[in-house]
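Encoded as structure tokens, the structure appears first; notes follow it.
The values are calculated or read from the model by the stated rules, or taken from the named source; none is laboratory data. As the structure is a computational prediction, the values presented were derived from the model and not from experiment. Glycine gets a Cβ as well: all are built from the backbone with ideal geometry, and neighbour counts include every protein chain shown.
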Amino acid sequence: MDKKTHHVPKTLEQQVSRPMKVKAWTLYIIAVIVLPCALLLCMEIALRLLHIGYDPHFFCRVKNKDKVLCVDNPSFGRRFFPPTLVRTSNKLRFPLLKDKNEKRIFVLGSSAAQGDPAKAFAFSSDLDLMLKGRYGSTRCEVINAAITATNSHIVAPIAAECSHLSPDIFIVYMGNNEVIGPFGPGTVFSHLSSRWLIRLRIFLSSTRIGQLASAISESITKSDETPAGWGGMKMFLQHKIRFDDPKMTRVYRNYRDNLVEICKTARRSGARVVLCTVASNLKDCEPFFSMHRPDISPDDLKRWNGYYQQAVDSQRQGRFEDALALFTKAATIDSTHAELRYRMAQCLTDLGQFDQANRHFTAARDYDALRFRADSRLNQIIKEIARGFADCAVVLDIEKFMATASDHGICGEELFLEHVHYNFHGNYLLAAGMLRTLDSLFAVPVVDTNTLSEEVCRERLAFNPWEELVIDRVVYDRLIKPPFSGQEDNLHKVQEYERKINLLSRFVADSGQTIIASYQRAAESEPQAWQTYNLLGRYLIQNNINAVAAEQAYRKVFDCLPNDQLVRFNLALALERQGRTSEAIEYYREAIRIDPLFFDAYIYLTDDLMMESRISEAERYLKQVLRINPALPSAQERYAQMLLGHGKLKSNIPNFDKNIISPVALAAIYNKAGLRLLNQGRIQEAIKYFKYAIGIYPQQI
């Protein structure tokens with residue numbers, strides 16, 4: 001007979017202990033998780049209500065007449081760049097809601113995709129023209145969402161935002177900045193190696209709390225070495241990385257993961273993805289910096305140098321076979337020296353062995369320690385990801401396509417302005433190369449199979465001699481600076497650009513009416529004429545031709561982009577040239593309100609205020625910009641001028657100003673004031689200013 005189980009009655013303490021434990025854990029969770037989260041949420045809401053921080057989105061939504069438009073947000077780049085180096089997108093404007101018979105194409109990438117150095121002539125502009133009428137009543141809209149200096153870490157969140165705007169196609173052309181862009185191992189911006197830390201950092205930058213924390217951190221750790229403005233490629237000269245550096249493994253892994261994220265984003269939105277391999281100038285851009293293998297012995301290095309120098313001498317004398325034989329001997333010691341492989345490629349080209357030359361040119365790019373160009377491994381990853389997402393992605397081998405359009409199958413200056421940025425011809429070919437791929441992705445019949453000629457695209461985009469001159473001047477300015485100035489053939493390139501610029505300058509000076517007519521024809525042929533009017537206004541202002549006509553052109557741009565800071569700035573310039581200073585001042589102020597990091601607007605505004613003797617207002621804006629960018633030379637110069645012109649030198653001024661701007665900036669201001677006085681022969685007054693500068697920041701003097 002089974003024994004009955006007898007339950008011993010629980011004591012009162014036992015009966016209440018379990019509920020108490022549950023209650024204790026509940027209180028613990030509330031105290032540790034719920035309350036802090038609630039507090040952070042309240043802080044976030046409060047900061048938004050107080051307008052502290054900035055809009056973190058790539059697009060802003062504005063109402064224009066009866067439509068809600070998506071426009072570019074100048075503050076987006078603040079999430080990834082220091083305040084003095086913020087990069088922005090092209091001017092964008094399109095309806096939030098897509099029409100029924102419309103296909104929407106987003107272009108993603110960095111400067112090569114954006115169209116640098118002439119954004120109006122990016123390949124997306126050619127593509128937009130080519131697609132008009134191609135699919136009959138189905139209209140295509142190409143939206144260029146690329147930004148200079150960005151990489152896949154930034155493109156992925158941009159793609160996520162675009163995915164909510166009814167995309168049909170994503171065209172992804174990126175890879176040149178994976179090492180030097182934000183979070184890369186060769187960057188001058190934020191550097192993080194772990195992708196999850198990068199994602200966390202990007203998420204926090206989208207919150208007002210994260211933005212406030214970042215601003216406080218920047219103010220505490222602000223360095224006097226922070227550039228006053230964008231310094232181009234020379235900012236990265238100290239960040240050399242060999243192809244076999246362990247850091248490159250993380251670069252490739254992060255690039256792969258970000259491409260996967262972009263493809264998944266597209267798949268969820270129902271869009272297709274065109275993943276483009278990235279082409280670069282192989283033949284006419286020698287490596288920026290070469291490094292030997294780390295384990296090369298002193299004896300081997302000595303032998304390598306001997307072979308190499310003999311080979312260079314033979315190459316310069318035109319004895320290419322001898323040079324190639326000597327370069328090959330050097331390569332048996334160290335074949336990873338980028339300049340060696342580049343010279344071998346040159347010799348092979350001169351000997352007519354183009355296939356072998358192409359392989360060595362490619363190796364020279366891949367071994368370049370200043371990694372400004374996408375390498376072979378990145379292009380291989382693009383192809384692998386496209387195969388893994390065959391249901392929504394296709395690969396477009398632009399590297400191969402551009403090679404077929406180049407002399408002897410090797411990309412060079414016939415397509416590129418320098419290392420990676422296309423000239424007009426290159427952008428045109430890039431757009432033309434995408435047409436068949438887009439035809440296969442759209443489920444609509446091709447009505448017009450003709451492709452617009454390059455000449456027609458030039459005319460409809462108003463690519464005239466003046467615009468060509470503007471581009472050539474930008475490229476020339478790049479070529480005379482590092483790292484281009486360190487290339488052996490740089491002097492020849494610089495002289496060639498000087499000759500071309502001189503010829504174009506003379507032609508442009510005698511062709512004013514013809515150039516204006518080219519803008520007018522382009523504006524008449526295109527519905528998005530505001531882009532052409534913007535170019536016309538710039539031409540008229542920069543050449544001091546007709547400020548009234550420039551204002552009229554910019555007013556038409558303003559009608560389409562009423563919330564744009566650059567349009568207001570340009571309008572202010574046109575009004576200023578007409579002597580309407582008071583009106584110009586208001587537009588400069590509005591530009592600063594929209595974009596508080598618009599440094600040129602501060603400077604021009606200050607000049608106009610001083611012209612109208614509104615000194616206290618001018619000083620307030622100068623102090624405001626110097627708080628943000630203490631090293632800005634133009635602001636320092638004007639502050640020094642203000643001190644001299646209005647008797648501001650008092651014993652209490654340095655201490656007062658040091659609480660507003662950094663000591664090094666204040667010292668520079670007083671030093672500039674002293675130099676001005678010295679040039680005027682006012683030596684004793686100059687000494688007084690120099691003493692203030694020494695007292696504030698002795699290290700600078």
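Count, please, the residues in region 110-127 that happen to be among the acidic types (Asp, Glu) and surrounded by fewer than 23 Cβ atoms within 10 Å (Cβ to Cβ).
Just the residues of region 110-127 that are among the acidic types (Asp, Glu), to begin with: 116, 126.
Still in the list and also surrounded by fewer than 23 Cβ atoms within 10 Å (Cβ to Cβ): 116.
Total meeting the criteria: 1.
When you check residue 396 against the structure, is it in contact (Cβ under 8 Å) with a residue 60 or more places away in the chain, surrounded by 19 or more Cβ atoms within 10 Å (Cβ to Cβ) and either over 24 Å from residue 143 (Cα atoms) or not assigned by TED's automatic domain parsing to the domain that holds residue 359 (or both), yes or no? Judged against the criteria, residue 396 is a match. Would you confirm whether any residue within region 274-286 is under 30 Å from residue 633 (Cα atoms) and either touching a helix residue (DSSP H, G or I) at 6+ places or on another chain (Cβ under 9 Å) or of a type in the set (Lys, Arg) (or both)? Looking for residues that are under 30 Å from residue 633 (Cα atoms) and either touching a helix residue (DSSP H, G or I) at 6+ places or on another chain (Cβ under 9 Å) or of a type in the set (Lys, Arg) (or both), one finds none in region 274-286, hence no.
Of the helices (runs of 4 or more DSSP H) contained entirely in region 123-231, those carrying at least 2 residues that are of a type in the set (S, T, N, Q) and within 30 Å of residue 415 (Cβ to Cβ) fall at 123-131.
Scan region 474-490 and tell me whether some residue there is closer than 20 Å to residue 284 by Cα, charged (D, E, K, R) and in a helix (DSSP H, G or I).
Looking only at region 474-490, we keep the residues that are closer than 20 Å to residue 284 by Cα, and these are 474-490.
Retained after the next criterion (residues that are charged (D, E, K, R)): 477-478, 481, 488-489.
Narrowing further to those that are in a helix (DSSP H, G or I): 477-478.
Yes - at least one qualifying residue is present in region 474-490.
I'd like the full set of residues that are part of a loop (DSSP other than H, G, I, E, B) and surrounded by fewer than 18 Cβ atoms within 10 Å (Cβ to Cβ), limited to region 413-448. Matches in region 413-448: 413, 414, 443, 444, 445, 446, 447, 448.
Taking residue 50 as the residue in question, decide whether it is at pLDDT 90 or above, within 26 Å of residue 219 (Cα to Cα) and of a type in the set (A, V, I, L, M). So residue 50 passes the test.
Mind telling me which of the residues 540, 503 ends up being closer than 23 Å to residue 417 by Cβ and aliphatic (A, V, I, L, M)? 503 is the lone residue from the list that is closer than 23 Å to residue 417 by Cβ and aliphatic (A, V, I, L, M). Does residue 324 satisfy the condition of being at pLDDT 95 or above, surrounded by 21 or more Cβ atoms within 10 Å (Cβ to Cβ) and over 26 Å from residue 420 (Cβ atoms)? Considered against the rule, which asks whether it is at pLDDT 95 or above, surrounded by 21 or more Cβ atoms within 10 Å (Cβ to Cβ) and over 26 Å from residue 420 (Cβ atoms), residue 324 comes out as yes.
Could you go through region 619-626 and let me know if any residue there is closer than 30 Å to residue 68 by Cβ, surrounded by 17 or more Cβ atoms within 10 Å (Cβ to Cβ) and aromatic (Phe, Trp, Tyr).
Among the residues of region 619-626, not one is closer than 30 Å to residue 68 by Cβ, surrounded by 17 or more Cβ atoms within 10 Å (Cβ to Cβ) and aromatic (Phe, Trp, Tyr), which makes the answer no.
Of all residues in region 559-588, those satisfying the criterion of being more than 27 Å from residue 67 (Cβ to Cβ) and free of Cβ contacts under 8 Å to residues at least 24 places away in the same chain are 579, 580, 583, 588.
Residue 451: touching a residue at least 24 places away in the same chain (Cβ under 8 Å) and in a loop (DSSP other than H, G, I, E, B), yes or no? Show your work before the answer.
Numbers: touching a residue at least 24 places away in the same chain (Cβ under 8 Å): yes; in a loop (DSSP other than H, G, I, E, B): yes.
So residue 451 fits the description; yes.
Which residue is nearest to the chain's Cα centre (by Cα), if the candidates are limited to region 606-640 and must be of a type in the set (Val, Ile, Thr) and under 20 Å from residue 581 (Cα atoms)? Full working, then the answer.
Narrowing region 606-640 to residues of a type in the set (Val, Ile, Thr): 606, 615, 625, 628.
Add one more test, that the residue is under 20 Å from residue 581 (Cα atoms), and what stays is 606, 615.
On the way: 606: 28, 615: 36 Å.
Within region 606-640, the match that is nearest to the chain's Cα centre (by Cα) is 606.
This table checks each residue for (1) within 21 Å of residue 489 (Cα to Cα); (2) surrounded by 13 or more Cβ atoms within 10 Å (Cβ to Cβ); (3) touching a strand residue (DSSP E or B) at 6+ places or on another chain (Cβ under 6 Å); (4) of a type outside the set (Val, Ile, Thr).
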position: 291; (1), (2), (3), (4): yes, yes, no, yes
position: 296; (1), (2), (3), (4): no, yes, no, no
position: 302; (1), (2), (3), (4): no, no, no, yes
position: 306; (1), (2), (3), (4): no, yes, no, yes
position: 314; (1), (2), (3), (4): yes, yes, no, yes
position: 320; (1), (2), (3), (4): yes, yes, no, yes
position: 329; (1), (2), (3), (4): no, yes, no, yes
position: 336; (1), (2), (3), (4): no, yes, no, no
position: 339; (1), (2), (3), (4): yes, yes, no, yes
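Checking each residue in region 485-517 for being of a type in the set (D, E, K, R) and closer than 19 Å to residue 536 by Cβ picks out only 510.
If only one of 146, 156, 160 is surrounded by fewer than 18 Cβ atoms within 10 Å (Cβ to Cβ), under 22 Å from the mean Cα position of the chain (by Cα), within 27 Å of residue 430 (Cβ to Cβ) and not hydroxyl-bearing (Ser, Thr, Tyr), which one is it?
Details: 146 fails: surrounded by fewer than 18 Cβ atoms within 10 Å (Cβ to Cβ); 156 fails: surrounded by fewer than 18 Cβ atoms within 10 Å (Cβ to Cβ).
Just a single option satisfies the conditions, and that option is 160.
May I ask you to list the residues in region 256-289 that are in a loop (DSSP other than H, G, I, E, B), of a type outside the set (A, V, I, L, M) and more than 20 Å from residue 383 (Cα to Cα)? Scanning region 256-289 gives 270, 281, 283, 284, 285, 286, 287, 288, 289.
Counting only residues that are of a type in the set (Phe, Trp, Tyr) and modelled with pLDDT of 95 or more, which one in region 163-192 is nearest to the chain's Cα centre (by Cα)? Steps first, please.
At the first step, the residues of region 163-192 found to be of a type in the set (Phe, Trp, Tyr) are 170, 173, 183, 189.
Applying the additional criterion that residues be modelled with pLDDT of 95 or more yields 170, 173.
Details: 170: 19, 173: 14 Å.
Looking at the filtered set, the residue picked out is 173.
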